[in-house]
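I have placed the structure first, in the form of structure tokens, so that the comments after it can refer back to it.
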Amino acid sequence: MPTVLQYRGACLESEHPASAVAVRGGRVVWQAGDDRDTTYRSSSKPFQLACSLEALGDPTVTAEELAVGAASHNAEPAHLAVVTAILARFGAPAEGLRCGAHPPGHAPSAEAILRGGGRFTDLHNNCSGKHAFMLAAALHNGWEADYRPIEHPLQQRIAGRLAQWMEHTPAHAIDGCGVPTFVQPLSAVARSWEALALAMKSAERGSADDAWTARLGRIGLAMAAHPDLTSGTGRLDLDVVRAAREPMAVKVGAGGLFCVALPGRETSVVVKVHSGAMEALPALVAWALAEAAPGAWREPDGWELRRVRNVVGREVGGWQITD
């Protein structure tokens with residue numbers, strides 16, 4: 001089992017066991033660690049968004065709106081502008097969002113709001129793009145405006161479609177933003193991300209042969225084209241896509257999950273830090289891509305996310321991995 005190691009000086013300060021898997025052609029083609037169950041968390045957003053689009057009747061939306069709809073964004077001004085545009089497009093009130101308020105993940109944006117006498121709202125939640133589409137789908141269909149319960153027609157559609165993409169019927173729990181998150185083996189997550197990779201390839205070629213493939217393909221291509229909107233300044237998702245040597249869509253999930261769709265290889269790569277330590281993910285993602293998809297990605301020289309700094313910015317350690 002691979003283990004992510006965090007050093008402070010010469011001292012091994014923490015260890016984080018991990019697993020990783022790659023799927024191609026519906027089967028596992030590479031694996032490290034085990035295939036235990038994991039929560040899907042925000043890595044499921046492309047699939048949740050596809051179900052919202054279907055419930056909305058496949059409306060015309062921009063690539064930027066799709067990227068934010070699949071995002072765990074920083075609530076920087078660009079992100080908030082797109083979420084506001086999504087709500088306006090569907091005539092959905094911001095007060096109808098039910099993801100909860102928290103400070104923007106981008107500290108300067110949070111500080112600017114406070115300096116201006118503002119307050120944090122549901123718009124600043126990293127999941128507000130996904131929730132904007134969910135709210136719009138509920139209102140469009142005359143469903144209960146509280147779209148969060150697993151019994152809600154939209155959540156039932158999401159559960160059913162995910163089971164098909166994963167080839168596994170998942171259990172469910174409640175995500176940080178209040179909607180259901182699903183529980184399944186890591187390999188099942190990877191099968192759904194392989195479906196995303198295949199859909200992206202079909203969409204690039206203009207050869208999607210069914211509506212679901214077309215929806216997923218548009219979302220994946222939007223994520224690949226706008227990683228700044230799916231994440232934000234200083235984020236792992238953004239760094240990974242910017243350093244890619246071939247097209248890819250990526251998505252972090254809370255609890256130490258990270259998923260990659262590689263359309264050119266018709267392959268997915270999914271990793272999980274079992275301790276849930278998000279700061280251990282960069283080293284693990286770099287290692288897994290090198291092992292499972294050599295040549296797809298090049299780690300940036302002096303990559304900041306590999307470094308450990310103290311509160312005044314001095315470099316005091318780093319992250320490594322052993323297999």
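Only one entry in His172, His152, His140 is in contact with a Gly (Cβ under 9 Å, 6 or more places away or on another chain) and surrounded by fewer than 23 Cβ atoms within 10 Å (Cβ to Cβ), namely His140. Yes or no: the range 33-41 includes at least one residue that is closer than 27 Å to Gly318 by Cα, over 21 Å from the mean Cα position of the chain (by Cα) and buried (at least 16 other Cβ atoms within 10 Å of the Cβ). Checking the range 33-41: at least one residue is closer than 27 Å to Gly318 by Cα, over 21 Å from the mean Cα position of the chain (by Cα) and buried (at least 16 other Cβ atoms within 10 Å of the Cβ).
Taking the range 280-312 as the range and being among the β-branched types (Val, Ile, Thr) and buried (at least 23 other Cβ atoms within 10 Å of the Cβ) as the test, only Val285 passes. Residues of the range 66-78 that are in contact (Cβ under 8 Å) with a residue 60 or more places away in the chain and surrounded by fewer than 24 Cβ atoms within 10 Å (Cβ to Cβ): Glu76, Ala78. Could you identify the single residue in Ala101, Ala71 that is more than 17 Å from Ala137 (Cα to Cα), modelled with pLDDT of 95 or more, touching a Phe, Trp or Tyr at 6+ places or on another chain (Cβ under 6 Å) and of a type in the set (A, V, I, L, M)? Selected residue: Ala101, the only one of Ala101, Ala71 that is more than 17 Å from Ala137 (Cα to Cα), modelled with pLDDT of 95 or more, touching a Phe, Trp or Tyr at 6+ places or on another chain (Cβ under 6 Å) and of a type in the set (A, V, I, L, M). Of the residues making up the range 103-135, not one is buried (at least 21 other Cβ atoms within 10 Å of the Cβ) and β-branched (Val, Ile, Thr).
Looking at Leu12, Leu5, just one residue is surrounded by 15 or more Cβ atoms within 10 Å (Cβ to Cβ) and aliphatic (A, V, I, L, M), and that residue is Leu5. Residue-level analysis places Ala81 among those that are in a helix (DSSP H, G or I), out of contact with any Phe, Trp or Tyr (no Cβ under 8 Å at 6 or more places or on another chain) and either under 12 Å from Leu123 (Cβ atoms) or charged (D, E, K, R) (or both).
The values are calculated or read from the model by the stated rules, or taken from the named source; none is laboratory data. Every value quoted in this text rests on a predicted model; they were computed, and no experiment measured them. Methodologically, a virtual Cβ is constructed for each residue, glycine included, from the backbone with ideal geometry; neighbour enumeration extends over all protein chains shown.
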